[in-house]
Amino acid sequence: MKTTSRRAAPRAAFMLLGGLLALTLAGCGGDSGSRLTGFVPATGNDSSGGSKAPANENPPAGNGGSRPETPVAKRPNFLVILADDMGYSDIGAFGSEIATPNIDALMRDGRLLTRFYAAPACSPTRGMLMTGADSHRVGLGAMENNVTSLVSSRNAPFGVDFTYDNIPPGYGGHLVDGALSMPQLFKDAGYHTYMAGKWHLAYEFSDATGGSRFLPAAYPNKKGFERSFALLDGAGAHFAPRSGVPPTRYDTTTYTEDDVAFPATQLPADFYSTRSYTDKLLSYLESNRGSGKPFFAYAAYTAPHWPLQAPDADIAAQKGRYDEGYDVIRARRIAKMKQLGVLPQNFVENAGLASVSEGGTGKKRWTELSADERARQARAMEVYAAMVSNLDTQIGRLVTYLRETGQYEDTVIFFMSDNGADSNPAAGAAITAATDLDSIGKQGSAVAYGERWAEVSAAPFRLWKTFTGAEGSVSVPAMIKLQGKDQGRVAMVSPALVKDLLPTFLDMAGIALPTQQYAGKAIVPVTGVSLRGALQSASAVPVVRPPTESVAFEYLGQGYVNGPDGWKLSRTAVPGMPTRTYADLPWKLFNTLEDRGETKDRAAERPDLVDALKKEWEQYVLGSQVLVPATPPAAKRDPAAL
């Protein structure tokens, strides 16, 4: 198959917004984001998881393989905003001390979703978002780097039954041919379709390359986006590479604009990811504003994913805010969540990992750090907070554009993170006692904030990204701004899934949902359900799924089953604990209606329920074509990291 083209993308393509858009955005500029009229500045599965099929699994008789269109008064626009590796408590509306007024303001015209579940890692979430099906059925059973690691380590069946040349389609790194594509469905229905940001859905594997490479047939423009500017990699530097300086691994990334691929070295010198993605998306939106057609826009930001990098002014605004350390900030966030109603007053938070000195495997507590180590950790969190604040500023630019062009009321806006907070060190660049304090956050810096700050971001839950069985891995902040005026609602507590978004948006747009074939091809069935009625309901606990339906997910042998009545079966690793066999990962049982913080394992009390949910797990694994590695992969961890 064809590999990526390295043709140069003209730098002129990045010149900011001419014509009417230039007038609309007059006065914009600066890395911290532009100041606009009316802008609020920032201050600072093929299977649903169980044996029961969704109620709308089969189409009504005689509708030609599609569920019927739902009449709508006016077709809405859609703006889907994805943050990258943002934890549950990282925005103001979910209890954060980080000022995010623009994101928070969306809640006034919509509602929070306090039990919204993504996948535990980046590309599986994106695959489910685009297709409405389980990631294992659509090509994203695991991230590309994880598949590479499984094959190279010969963790059967990877590297034994399957090499790079015959990786099963469910793990191929790109959307399979039978998967639906949200932008294609909207484009075919008469919408303009645009994206800017991280794609992460265009890999293929080959023995010839000894791993992965990019697949042009899987670029965003081949999946229905009329215009697209995309980072193909799973992570990249937020600034352009420095001239005359050896690049970091995060400077050697690949971008595309439409069908032209080019290296990061051809980015303009003033590139900063969050602002530049916003510039691009605004230019696309403005280019066809007078066409009379609605739009579907996808802002897939890479912030606040490491490497932690932010403009100087944004970092300076956070100075000193994290000197009190992990526990103080986490406790304040949890208290604020209870005050805001995100958590019930009687919620019992997960205490986090005990440190080694406390008899556990966790990293040092704040009180165990030296003064120099505290300074480095505080600085890392300042940069992380700066990235979140800057993200809010850029989202404010999008919202202001919609308001000033008269499109805001007719636009459905959905915001979410792609997975839980990320504790992993940026490869080869963990923060240690030797890290240069002044360089953290600068262009060329390549650090992450570590496990203890991830524990803060994931508050009040257990663990973080890729620890699939834990709430902190898959529970993400989410909110929706509905079409029309004064559409605010109480927070929705009913669980909802990222794969529900495709049928939800099609329902809102009055577009028929294909169920058997599309464009002459058999399709991977959509197993998400429409949330339209639930979101428009005044109830905090509207019915989303049948009460007898279980929901499950797997990643690298870890996973969960959310069963009826709030019972959750969970299997996940513990950082720092060896996992030689699955016997080292026993199933645990939690009652999430009483204990969503996962503080008390009830498996010994209810072996009958454990057995019943394990059967649901086995059905999910079979039905979703999951390949469970023979040996549970070790949790990624840098022992030198703080």
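The values are calculated or read from the model by the stated rules, or taken from the named source; none is laboratory data. Fair warning: this is a prediction, and the values are worked out from it, not measured in the lab. Because the Cβ atoms are built from the backbone with ideal geometry, glycine has one as well, and the counts that use them run over all protein chains shown. The accessibility values were calculated without ligands, DNA or RNA, using every heavy atom of the protein model including side chains. Shrake-Rupley method; radii C 1.70, N 1.55, O 1.52, S 1.80 Å.
Of a type in the set (A, V, I, L, M), open to solvent by 30 Å² or more (accessible area, probe 1.4 Å) and in contact with a strand residue (DSSP E or B) (Cβ under 9 Å, 6 or more places away or on another chain): which single residue out of ALA202, ALA240, ALA217, ALA196 fits that description? Outline the logic, then answer.
Numbers: ALA202 fails: open to solvent by 30 Å² or more (accessible area, probe 1.4 Å); ALA240 fails: open to solvent by 30 Å² or more (accessible area, probe 1.4 Å); ALA196 fails: open to solvent by 30 Å² or more (accessible area, probe 1.4 Å).
Being of a type in the set (A, V, I, L, M), open to solvent by 30 Å² or more (accessible area, probe 1.4 Å) and in contact with a strand residue (DSSP E or B) (Cβ under 9 Å, 6 or more places away or on another chain) holds for just one of ALA202, ALA240, ALA217, ALA196, which is ALA217.
How many residues are assigned to a helix (DSSP H, G or I) and over 15 Å from the mean Cα position of the chain (by Cα) if we restrict to region 132-157? Can you show your working first?
Of the residues in region 132-157, the ones assigned to a helix (DSSP H, G or I) are 135-138, 144-152.
Those still in the list that are over 15 Å from the mean Cα position of the chain (by Cα) too: 136-138, 144-152.
Number satisfying all stated conditions: 12.
Table: residues versus (1) surrounded by 24 or more Cβ atoms within 10 Å (Cβ to Cβ); (2) of a type outside the set (Ser, Thr, Tyr); (3) touching a Pro at 6+ places or on another chain (Cβ under 6 Å).
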| residue | (1), (2), (3) |
| --- | --- |
| LEU79 | yes, yes, no |
| THR100 | yes, no, no |
| ARG108 | no, yes, no |
| ARG115 | no, yes, yes |
| PRO120 | yes, yes, no |
| LEU129 | yes, yes, no |
| LEU140 | yes, yes, yes |
| THR148 | no, no, no |
| PHE158 | yes, yes, no |
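If the condition is being among the acidic types (Asp, Glu) and either closer than 19 Å to VAL493 by Cα or part of a loop (DSSP other than H, G, I, E, B) (or both), then region 341-367 contributes only GLU349. Looking across region 278-290, the residues that are within 16 Å of GLU226 (Cα to Cα) and under 25 Å from the mean Cα position of the chain (by Cα) come down to LYS280, LEU281, LEU282, SER283, TYR284, LEU285. Cβ-Cβ below 8 Å, separation at least six or inter-chain, first residue in region 342-366 and on the phi > 0 side of the Ramachandran plot and modelled with pLDDT of 95 or more, second open to solvent by less than 70 Å² (accessible area, probe 1.4 Å) and acidic (Asp, Glu): which pairs? Close Cβ pairs (under 8 Å, with a partner that is open to solvent by less than 70 Å² (accessible area, probe 1.4 Å) and acidic (Asp, Glu)) amount to GLY352/GLU455.
Let's see how each residue does on (1) within 24 Å of LEU267 (Cβ to Cβ); (2) not in a helix (DSSP H, G or I):
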{"residue": "GLY170", "(1), (2)": "no, no"}
{"residue": "GLY190", "(1), (2)": "no, yes"}
{"residue": "TYR194", "(1), (2)": "yes, yes"}
{"residue": "HIS200", "(1), (2)": "yes, yes"}
{"residue": "TYR203", "(1), (2)": "yes, yes"}
{"residue": "ARG213", "(1), (2)": "yes, yes"}
{"residue": "ASN221", "(1), (2)": "yes, no"}
{"residue": "SER228", "(1), (2)": "yes, yes"}
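Among residues of region 291-318 that are within 22 Å of SER228 (Cβ to Cβ) and in a strand (DSSP E or B), those with a beta-carbon under 8 Å from a residue that is at pLDDT 95 or above and of a type in the set (Asp, Glu) at least six positions away or on a different chain give the pairs ALA300/ASP84.
Applying the condition of being in contact with a Phe, Trp or Tyr (Cβ under 6 Å, 6 or more places away or on another chain) and hydrophobic (A, V, I, L, M, F, W, C) to region 190-207 and asking which residue is nearest to PHE505 (Cα to Cα) yields MET195.
Of the residues ALA208, ALA189, which is closer than 30 Å to ASP410 by Cα, aliphatic (A, V, I, L, M) and more than 23 Å from the chain's Cα centre (by Cα)?
Values: ALA208 fails: closer than 30 Å to ASP410 by Cα.
Only one candidate passes the filter, namely ALA189.
Looking only at region 545-566, decide whether some residue is over 27 Å from LEU140 (Cβ atoms) and acidic (Asp, Glu). Before the answer, list the steps.
Looking only at region 545-566, we keep the residues that are over 27 Å from LEU140 (Cβ atoms), and these are 547-548, 564-566.
The next check asks that each one be acidic (Asp, Glu); those that pass are 565.
There is at least one residue in region 545-566 that is over 27 Å from LEU140 (Cβ atoms) and acidic (Asp, Glu).
Could you go through region 326-337 and let me know if any residue there is in a loop (DSSP other than H, G, I, E, B) and surrounded by fewer than 20 Cβ atoms within 10 Å (Cβ to Cβ).
So the first thing to find is which residues in region 326-337 are in a loop (DSSP other than H, G, I, E, B), and the list is none.
No, there is no match, as no residue in region 326-337 is in a loop (DSSP other than H, G, I, E, B) and surrounded by fewer than 20 Cβ atoms within 10 Å (Cβ to Cβ).
Only residues that are open to solvent by less than 10 Å² (accessible area, probe 1.4 Å) and among the aliphatic types (A, V, I, L, M) were counted across region 253-275, and they come to 3. A search for C-beta distances below 6 Å between a residue of region 164-183 that is over 15 Å from VAL147 (Cβ atoms) and any residue that is open to solvent by 10 Å² or more (accessible area, probe 1.4 Å) and of a type outside the set (Lys, Arg), counting only pairs 6+ apart in sequence or on different chains, returns GLY178/ALA522; GLY178/ILE523; GLY178/VAL524; ALA179/VAL524; LEU180/ILE523.
In contact with a helix residue (DSSP H, G or I) (Cβ under 6 Å, 6 or more places away or on another chain), outside any loop (DSSP other than H, G, I, E, B), open to solvent by 20 Å² or more (accessible area, probe 1.4 Å) and modelled with pLDDT under 95 - does that describe any residue in region 376-389? Checked against the condition, which is being in contact with a helix residue (DSSP H, G or I) (Cβ under 6 Å, 6 or more places away or on another chain), outside any loop (DSSP other than H, G, I, E, B), open to solvent by 20 Å² or more (accessible area, probe 1.4 Å) and modelled with pLDDT under 95, region 376-389 yields at least one hit. Among residues of region 622-637 that are closer than 23 Å to TYR449 by Cα, those with a Cβ under 9 angstrom from a residue that is open to solvent by less than 40 Å² (accessible area, probe 1.4 Å) and among the small types (Gly, Ala, Ser), sequence gap 6+ or separate chain, pair up as PRO633/GLY557; PRO633/ALA573; ALA634/ALA573; ALA635/ALA573; LYS636/SER423; ARG637/SER423.
Kindly indicate whether LEU556 is at pLDDT 90 or above and farther than 18 Å from GLN619 by Cβ. Yes: the conditions hold for LEU556.
State yes or no: is VAL176 surrounded by fewer than 22 Cβ atoms within 10 Å (Cβ to Cβ), of a type in the set (A, V, I, L, M, F, W, C), under 23 Å from the mean Cα position of the chain (by Cα) and not in a helix (DSSP H, G or I)? Yes.
Would you check if there is a residue in region 309-317 being acidic (Asp, Glu), more than 22 Å from the chain's Cα centre (by Cα) and over 22 Å from PRO460 (Cβ atoms)? Checked against the condition, which is being acidic (Asp, Glu), more than 22 Å from the chain's Cα centre (by Cα) and over 22 Å from PRO460 (Cβ atoms), region 309-317 yields at least one hit. Among the residues of region 206-213, is there at least one that is in contact with a helix residue (DSSP H, G or I) (Cβ under 7 Å, 6 or more places away or on another chain), charged (D, E, K, R) and open to solvent by 10 Å² or more (accessible area, probe 1.4 Å)? Yes, there is a match, as at least one residue in region 206-213 is in contact with a helix residue (DSSP H, G or I) (Cβ under 7 Å, 6 or more places away or on another chain), charged (D, E, K, R) and open to solvent by 10 Å² or more (accessible area, probe 1.4 Å). Taken over region 584-602, the criterion of being at pLDDT 95 or above and either among the polar types (S, T, N, Q) or buried (at least 16 other Cβ atoms within 10 Å of the Cβ) (or both) is satisfied by TRP587, LYS588, LEU589, PHE590, ASN591, THR592, ASP595, ARG596, GLY597, GLU598, THR599, ARG602. The single condition among (1) over 26 Å from ALA522 (Cα atoms); (2) hydroxyl-bearing (Ser, Thr, Tyr); (3) modelled with pLDDT of 95 or more that TYR191 does not meet is (1).
Scanning region 90-108 for residues that are touching a strand residue (DSSP E or B) at 6+ places or on another chain (Cβ under 7 Å) and either within 20 Å of SER494 (Cβ to Cβ) or of a type in the set (Ser, Thr, Tyr) (or both) yields ALA93, LEU106, MET107.
Does TYR250 satisfy being closer than 19 Å to GLY234 by Cβ and surrounded by 22 or more Cβ atoms within 10 Å (Cβ to Cβ)? Against the criterion (closer than 19 Å to GLY234 by Cβ and surrounded by 22 or more Cβ atoms within 10 Å (Cβ to Cβ)), TYR250 qualifies.
Quick one: which strands (runs of 3 or more DSSP E) lie wholly within region 506-583 and hold at least 1 residues that are in contact with a Lys or Arg (Cβ under 7 Å, 6 or more places away or on another chain), open to solvent by less than 10 Å² (accessible area, probe 1.4 Å) and within 30 Å of LYS363 (Cα to Cα)? Don't jump to the end; show me each part of the working.
On the way: elements: 551-555, 558-562, 567-571.
Counting at least 1 such residues, we get 558-562, 567-571.
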